[in-house]
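A short write-up of the structure that comes next.
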Amino acid sequence: MSNIRVAVIGAGIGGLTFCVALGKQSNIKMDLYEAAHEFGEVGAGIAMWYRTQQIMEKLGLGDDLAALEGGPFKKGNVVAFRFRKSDELVGRSFLDMNTTGGMLHLHRASFQKTVINHLPPSCTSHFSKRLVSYDDRGSGPITLRFADGTTAECDVLVGADGVKSAVRNIMFSNLAKEGKLTKMEATQPSLVWSGTVAYRGLIPKERLEARAPGHRALTQDMAYCGKNKHLIIFPVNNGALINVVAFSSDFSKEGTQYSENSKDWVVEVPQEELLQEYEGWEPEVTALLECIDKPTRWAVNMVLPPSTLVSGRVAILGDSAHAMTPHLGSGAGQAIEDAYILASLLASRKCTPAALPRVLQIYDEIRRPKAHNVWNLSRANGMIYQFAGAGYEHVGLCDDSVSGETLANMAKELEGNYNWAWKTSAETDREEALSMLSTLRAKL
């Protein structure tokens, strides 16, 4: 339908992709509101598996994104990651994970610029707009109120404003007042700490070559695993930079609050802290970490799976809806799937203003269980990487006595958790959603 107005809060991966997807399929007017004074993205590398790559191609972004990696998307069977047990002086390889299409590596800022270049004329961007409240009375326009005192109106509100989402907080506050949440949801915070921190750094390829000639991270995507810690390594910017993410966990603190001050979630730390965290690990891990002069430490927070992603004519997507741990490399992919499915429903000729609440319910029914499954798989993977899941309790710190059978079981479990990312397609979900919408219209 072209006679509805859509407001999108947040210009991150999910919000931008949603605007591109909706613009590809309709002439619906969109207003994109961003709290910052300009487009900007925090973070380093993101991963994109075959399932997400297919969506990018459908949206016409495939060639531009592939160019960021120096060539077309990979086809066929490709080794995506090589896994090693590395918290010992002589590490051991235990899995070369073969996937369809491999993993596309993207620098987050470069990805964002590419998507911005595809924003449609039907999308108007507004900056320095921080949402403080909205009113959805069920009829008439939704009223938006911003911190600068201005207001705006829309027919559909999409919250893509990240892990600290204002839209999510307002939505669930309203649902709690209406008695539509479980007691646990109504009384406990939805945003919690996973118990994990991530040390991040980008290493120029030349620096690693000079420090450790022939280092396997120069040519291979690596996962270095150990007790309560692991590292994920892959190149970005067409191989010019090596992206390093080193995780350290205390799983007894999962579900707590990392800090009341969100500014503490990301801090610069001395290199010595990073090196001490991985003392006793194999030399090739130490070589990587010694190339990071100014690492940053990030609290890995997550949004507990909610009972709904919608209320009336308001929906949330991406990290606003289901921020997850990064241990499947699928957080960005899930935001993109949300955006793709929701845009397809809103762009359908069978979507009318009167049907909008049910249209959003269809989005919720299709996307919420899929995203929550990935949320759980990602959490499980993080524990497997760090020998903390069921069946690995016997593994100790820097334990070089772990059997080959244990590592083989670990490899099998990891591969099983990843398979959906290249053996299934979001097109199946899109077709199911549109079929549900068709049935709805037949009843009206």
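Please go through (1) part of a helix (DSSP H, G or I); (2) outside the structural domain of GLY12 (by the TED database) for VAL402 and return the number of the only condition it doesn't satisfy.
(1)
Which of the following residues is within 23 Å of LEU407 (Cβ to Cβ) and either touching a Gly at 6+ places or on another chain (Cβ under 9 Å) or open to solvent by 60 Å² or more (accessible area, probe 1.4 Å) (or both): VAL236, VAL285?
Checking each option against the conditions leaves just VAL285.
Quick one: LYS164 ticks every box in (1) more than 24 Å from LEU202 (Cα to Cα); (2) of a type outside the set (Gly, Ala, Ser); (3) open to solvent by less than 60 Å² (accessible area, probe 1.4 Å); (4) in contact (Cβ under 8 Å) with a residue 12 or more places away in the chain bar one, so which box is it?
Condition not satisfied by LYS164: (3).
Out of segment 55-83, which residues are modelled with pLDDT of 95 or more, open to solvent by less than 20 Å² (accessible area, probe 1.4 Å) and either assigned to a helix (DSSP H, G or I) or under 25 Å from TYR224 (Cβ atoms) (or both)?
Scanning segment 55-83 gives ILE55, MET56, PHE83.
When segment 1-30 is examined, which residues are found to be out of contact with any Asp or Glu (no Cβ under 9 Å at 6 or more places or on another chain), open to solvent by less than 20 Å² (accessible area, probe 1.4 Å) and assigned to a strand (DSSP E or B)?
Within segment 1-30, just MET30 meets the criteria.
Specify which of the listed residues (THR52, THR114, THR124, THR99) is in a strand (DSSP E or B), polar (S, T, N, Q) and more than 24 Å from GLN386 (Cβ to Cβ).
THR124
Tell me, please, whether a residue that is outside the structural domain of LYS180 (by the TED database), under 26 Å from ARG368 (Cβ atoms), in contact (Cβ under 8 Å) with a residue 24 or more places away in the chain and of a type in the set (Ser, Thr, Tyr) can be found in segment 244-256.
yes
Tell me which residues, restricted to segment 167-214, are in a helix (DSSP H, G or I) and open to solvent by 60 Å² or more (accessible area, probe 1.4 Å).
Selection gives ASN169, LYS177, LYS183, MET184, THR187, LYS205, GLU206, ARG207, GLU209, ALA210, ARG211.
Return the residues of segment 253-265 that are out of contact with any Pro (no Cβ under 8 Å at 6 or more places or on another chain) and surrounded by fewer than 15 Cβ atoms within 10 Å (Cβ to Cβ); say none if nothing qualifies.
LYS253, GLY255, THR256, SER259, GLU260, ASN261, SER262, LYS263, ASP264
Mind listing whichever residues of segment 389-409 are crowded, with 17+ Cβ neighbours inside 10 Å and either small (Gly, Ala, Ser) or under 17 Å from PHE251 (Cβ atoms) (or both)?
GLY389, TYR392, VAL395
Please specify each residue of segment 410-444 satisfying the condition of being among the polar types (S, T, N, Q), touching a residue at least 12 places away in the same chain (Cβ under 8 Å) and open to solvent by 50 Å² or more (accessible area, probe 1.4 Å).
THR424, the sole residue that qualifies.
Looking at (1) touching a residue at least 60 places away in the same chain (Cβ under 8 Å); (2) in the same structural domain as SER344 (by the TED database), which is the one condition that is false for GLU57?
Against the list (1) touching a residue at least 60 places away in the same chain (Cβ under 8 Å); (2) in the same structural domain as SER344 (by the TED database), GLU57 comes up short only on (1).
Return yes or no: is THR124 touching a residue at least 60 places away in the same chain (Cβ under 8 Å), in the same structural domain as LEU345 (by the TED database) and exposed (fewer than 15 other Cβ atoms within 10 Å of the Cβ)?
Against the criterion (touching a residue at least 60 places away in the same chain (Cβ under 8 Å), in the same structural domain as LEU345 (by the TED database) and exposed (fewer than 15 other Cβ atoms within 10 Å of the Cβ)), THR124 qualifies.
The values are calculated or read from the model by the stated rules, or taken from the named source; none is laboratory data. Quick caveat, the model's predicted, so the values are computed rather than measured. Every residue, glycine among them, receives a Cβ derived from its backbone with ideal geometry; neighbour counts consider all protein chains shown. SASA here: full protein model, heavy atoms, side chains in, ligands and nucleic acids out. Shrake-Rupley method; radii C 1.70, N 1.55, O 1.52, S 1.80 Å.
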